[in-house]
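Heads up: the structure comes next, in structure tokens.
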Amino acid sequence: MTVIEIIDAFTFYGLDIIALAAATSITVQILKLTLFKKCRKKVLTFAPFVIGSLLYAGYEALINLSFKYLLDNYVNVLEHGFSVGALSTLIYVWYEQFMRDKKSVSAAEGVIATLIEGYVPSESVQEISAKIALAIEKDVTGSGAKKTAEILSAAANGEEMSENDITLLSRLIIETLAHISTD
């Protein structure tokens, strides 16, 4: 069997899309941890589709040994690249839902983590949200916002957040949790 026959069999069964989608998922995760660390999540939504399209275009150029093929069949290349991005997103969702070992996070911790993300270091979001949720849960005096502000202040070390930001964020957390528990 020649290399071309192997590639044809690979392509016939769609294994090329699956392999490129897996490579895209890995590439996007590496980029999230390095270059796109401070990038907005809305922008990251498009990353698998852009990277998948680029990888598929490179794959097609390699298989056909021509960049002219990309220009002549750009619709086909973009369509398959979008498929690679969609499958990459699906692989990531499956990984997050079934494979990744996450500790059971309460609804309150999830909401708090979402609210404080971007204000505290990304590697400590879960830990800090758990501390805040525990402090609010144990609070019987009604000073949950003050305890939340103390935890946020200690986590931020005053570098990126002003005192006003900490106060407003802690009040927002308390109000959001109050509305969640009453609904």
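The values are calculated or read from the model by the stated rules, or taken from the named source; none is laboratory data. If you're wondering where the values come from, they're calculated on a predicted model, not measured in any experiment. No Cβ is skipped: glycine too gets one built from the backbone with ideal geometry, and neighbour counts run over all protein chains shown. Heavy atoms of the whole protein, side chains included, go into the accessibility calculation; ligands, DNA and RNA do not. Shrake-Rupley method; radii C 1.70, N 1.55, O 1.52, S 1.80 Å.
Return the FRET efficiency for the residue pair residue 114, residue 79: r is the Cβ-Cβ distance, R0 is 41 Å, and the value is rounded to the nearest 0.05.
So, using R0 = 41 Å, E works out to roughly 0.75.
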Within the accessible area of the chain, what % is carbon and sulfur when the probe is 1.4 Å and the other protein chains stay in place?
64
Along the stretch 85-99, what does the Karplus equation 6.51 cos²θ - 1.76 cosθ + 1.60 (θ = phi - 60°) give for ³J(HN,Hα), rounded to whole Hz, x for Gly and Pro?
x, 5, 5, 4, 5, 5, 4, 4, 5, 4, 4, 4, 7, 10, 9
Please give the helix 47-64 orientation as an angle from the longest Cα principal axis of the chain, in degrees from 0 to 90, rounded to the nearest 10.
20
Label-point separation (nm) for residue 6 and residue 179, each offset 7 Å from Cα along Cα-to-Cβ?
5.8
Which of 34, 145, 44 sits farthest toward the positive end of the charge dipole of the chain, with +1 on the Cβ of Lys and Arg and -1 on the Cβ of Asp and Glu?
145
Taking the chain, the whole-percent share of alpha-carbon pairs separated by over 21 angstrom is 62
Potential extension, residue 93-residue 33 segment - 0.36 nm per residue separation minus Cα distance:
19.9 nm
Hey, what number do you get for the chain at 222 nm if only DSSP H runs of n ≥ 4 count, each worth -39500 (n - 2.57), divided across all residues, to the nearest 500?
-23500 deg cm²/dmol
Crossing angle, helix 163-182 versus the chain [Cα axis fit, 0-90 degrees, rounded to tens]:
90
Between the stretch 106-142 and the stretch 1-62, what's the alpha-carbon centroid distance in Å?
35
Ignoring ligands, DNA and RNA, what accessible area per residue does the chain give at 1.4 Å, in Å²?
69
Whole-Hz couplings from phi, Karplus 6.51/-1.76/1.60, listed for the stretch 120-126; x for Gly and Pro:
10, x, 4, 6, 10, 4, 5
Paramagnetic label zone (point 7 Å from Cα along Cα-to-C-beta, residue 23; backbone N under 18 Å) in the stretch 74-101
77-92
Relative to the longest principal axis of the C-alpha atoms of the chain, give the angle of the C-alpha long axis of helix 15-33, reported between 0 and 90° and rounded to the nearest 10°.
30
